[in-house]
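Student: What follows is a single structure, and I will ask about it in a moment.
The values are calculated or read from the model by the stated rules, or taken from the named source; none is laboratory data. Keep in mind the model is a prediction, meaning the values are calculated, not measured. All Cβ positions, even for glycine, are placed from backbone atoms using ideal geometry, and neighbour counts span all protein chains on display. Please note that ligands, DNA and RNA were not included when accessible areas were found on the heavy atoms of the full protein model with its side chains. Shrake-Rupley method; radii C 1.70, N 1.55, O 1.52, S 1.80 Å.
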Amino acid sequence: MQMSFRWYGEGDPISLTDIKQIPNMTGIVTAIYDIPAGEVWPVERIKELKKAVEKEGMEIAIIESVPVHEDIKMGAAKRDHWIANYQQTIRNLASVGINRICYNFMPVFDWTRTSLSAPLSDGSNSLAYDEKVAGNIDPLSGELVLPGWDLSYQIDDLRRIMDIYKDMPEQQLFDNLIYFLEKIIPVADEEKVYMAIHPDDPPWSIFGLPRVVINKDSIAKIISSVDSKYNGITFCTGSYGADRNNELCEMIEAAKGRIHFVHARNIKWTGEKSFQETSHLSRDGSLDMVAILKKLVEVSFDGPIRPDHGRMIWGEKGRPGYGLYDRALGATYLNGILDTIYHHTEEGVES
Ligand code: DNO
């Protein structure tokens with residue numbers, strides 16, 4: 001497994017130099033953030049990004065994310081145009097030696113929380129989702145705007161798009177995903193690029209929108225829809241784990257060989273469909289991180305893993321979920337677990 005860390009590019013207050021000082025950190029997870037969803041990523045821009053990371057002695061482990069244009073998710077008339085662009089971006093990334101891409105298929109809104117700074121008993125704060133609060137939010141009112149959301153929409157556009165989705169059965173959204181995969185996976189195959197779909201976060205319908213990457217069943221359908229090892233998933237423990245019915249270790253077993261990226265974080269269930277993010281430590285949350293990592297080793301997962309959202313601790317201010325300190329502690333905890341697991345094999349501790 002390669003330890004990695006998300007970096008939001010030159011505008012990120014956390015520098016590559018800071019990241020490099022975290023023990024065992026060799027991989028960077030990043031993207032080009034100023035290219036609108038759907039446009040082709042030019043080779044020159046990709047090279048610049050790669051150079052910036054390599055100058056610090058690390059490498060780009062995976063791109064997170066190449067966004068999927070809304071027309072593709074909606075199955076709109078122009079989708080083939082955006083899909084052709086996506087294929088070209090895959091080719092361009094491959095041409096400079098980047099061979100992993102994370103993406104998601106969430107309608108309109110990426111990860112959603114109802115609080116970005118909910119207090120924890122130790123005096124820190126973290127991201128939280130409360131079912132009741134979410135039920136009272138109207139995403140068109142502008143009262144909730146989250147860092148993961150695409151803010152380029154005008155309210156009228158948003159309304160139009162949400163109306164289209166409101167009438168869309170989940171099966172239709174899923175068919176649109178398959179349509180996309182049937183077109184991009186052959187290119188990924190040709191270019192040897194691992195595609196890793198991120199689950200919906202949280203893994204259930206929000207704001208009346210359909211969601212289709214939510215459980216073991218969806219994973220099985222996705223990976224069997226186009227039978228190529230390049231058609232894989234991002235196993236995000238915190239996203240899948242928010243649903244108590246998701247048995248994470250079973251899911252890892254079922255996705256064996258198709259997990260191309262891992263987001264490791266812990267959450268504590270606070271209600272049927274409510275949770276708060278915690279430190280990465282198993283005993284702080286509802287997920288058994290040790291069991292999850294053991295299982296990943298057992299199925300020979302050898303791709304990048306990154307500590308996911310952290311709490312805000314030690315007075316740090318910054319991008320919610322993406323401060324330096326708690327993610328660095330998370331990486332160190334994951335390193336400890338992994339060294340211990342590997343240590344018990346005949347090869348000793350993996351270098
Ligand atoms: C949140 C992230 C997601 C993720 C995308 C992948 O912190 O895990 O925003 O990057 O959904 O496409």
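Student: Using each residue's phi in the range 181-189, evaluate 6.51 cos²θ - 1.76 cosθ + 1.60 at θ = phi - 60° and report the 3J(HN,Hα) Karplus result to the nearest Hz, with x for Gly and Pro.
Tutor: 5, 4, 8, 8, 5, x, 6, 4, 4
Student: Additional query: Highest first, please rank the peptides 179-187, 154-162 by the mean number of other Cβ atoms sitting within 10 Å of their residues.
Tutor: 179-187, 154-162
Student: Send over the semi-axes of the range 83-159's equivalent ellipsoid, whole angstrom and largest first, taken as the square roots of 5 times the C-alpha gyration tensor eigenvalues.
Tutor: 32, 20, 9
Student: Here's another thing I want to ask about it. Farthest toward the dipole's positive end in the range 228-309, which of Gly271, Gly257, Val290, given Cβ charges of +1 (Lys, Arg) and -1 (Asp, Glu) about the Cα centre?
Tutor: In the range 228-309, that residue is Gly257.
Student: Quick one: what does P(r) look like for the chain with 10 Å bins over all Cα pairs, in whole %?
Tutor: 5, 25, 36, 27, 6, 0, 0
Student: Kindly give Rg over Rh for the range 62-200, based on alpha-carbon atoms, with the Kirkwood expression for the hydrodynamic radius.
Tutor: 1.02
Student: Now for a separate question. Report the full-extension gain for the segment Asn136 to Lys317: residue separation times 0.36 nm, less the Cα-Cα distance, to one decimal in nm.
Tutor: 62.4 nm
Student: Oh, and also: How big, on average over all directions, is the shadow cast by the Cα convex hull of the range 247-351, in nm²?
Tutor: Average projection, Cα convex hull of the range 247-351: 7.6 nm².
Student: From the alpha carbon gyration tensor of the range 46-125, can you work out the equivalent ellipsoid semi-axes (sqrt of 5 times each eigenvalue) and give them in Å, largest to smallest?
Tutor: 30, 25, 7
Student: What number in nm² do you get for the range 189-310 if you take the convex hull of its Cα atoms and divide its surface by four?
Tutor: Reported value for the Cα convex hull: 7.7 nm².
Student: Still on this structure, I have one more. Using a Gaussian network for the chain with springs between C-alpha atoms less than 10 Å apart, which of these wobbles most: Thr237, Thr340, Thr26?
Tutor: Thr340
Student: Dipole magnitude of the chain about its Cα centre, charges +1 at Lys/Arg Cβ and -1 at Asp/Glu Cβ only, in debye to the nearest 20?
Tutor: 160 debye
Student: Which percent of the accessible area of the chain is formed by carbon and sulfur heavy atoms (probe 1.4 angstrom)?
Tutor: The C+S portion of the solvent-accessible surface of the chain is 48 percent.
Student: Also: Tell me the net charge near Ala242. Cut-off is 9 Å between Cβ atoms, Ala242 excluded, with +1 for each Lys or Arg and -1 for each Asp or Glu.
Tutor: Counting the neighbours of Ala242, the net charge comes to 0.
Student: Here's a follow-up. Restricted to Cα positions, what overall size does the range 1-73 have along the principal axes? Three whole-Å values, descending.
Tutor: Principal-axis extents of the range 1-73 (Cα, largest first): 42, 25, 22 Å.
Student: If amide hydrogens are placed 1.01 Å from N in the peptide plane, which non-local residues have theirs closer than 5 Å to the one on Arg6?
Tutor: So Arg6 has HN proximity to Val29.
Student: Can you list residues from other chains, or at least 5 along the same chain, whose modelled amide H is less than 5 Å from the amide H of Ile63?
Tutor: Hits under the 5 Å cutoff: Arg100, Ile101, Cys102.
Student: Per residue of the range 118-128, what does 6.51 cos²θ - 1.76 cosθ + 1.60 with θ = phi - 60° give for ³J(HN,Hα)? Whole Hz please, x for Gly and Pro, Karplus curve as stated.
Tutor: 6, x, 10, 5, 8, x, 8, 9, 7, 6, 9
Student: Farthest toward the dipole's positive end in the range 44-90, which of Tyr86, Pro67, Ile46, given Cβ charges of +1 (Lys, Arg) and -1 (Asp, Glu) about the Cα centre?
Tutor: The Cα lying farthest towards the positive end belongs to Tyr86.
Student: Same structure, new question: Given the options Ile63, Ile32, Ile90, which has the most mean-square fluctuation in a GNM of the chain, springs set between C-alpha atoms less than 10 angstrom apart?
Tutor: Ile32
Student: Any idea of the accessible area per residue across the chain, 1.4 Å probe, to the nearest Å²?
Tutor: Accessible area per residue, the chain: 43 Å².
Student: Then there is this: Pop out the ³J(HN,Hα) list for the range 92-106 in order, Karplus 6.51 cos²θ - 1.76 cosθ + 1.60 with θ = phi - 60°, rounded to Hz; leave Gly and Pro as x.
Tutor: 5, 5, 4, 5, 10, x, 9, 10, 9, 9, 9, 8, 9, 10, 7
Student: Using only alpha-carbon positions, what ratio does the radius of gyration of the range 70-114 give when scaled by 2.2 N^0.38 Å?
Tutor: The value comes to 1.41.
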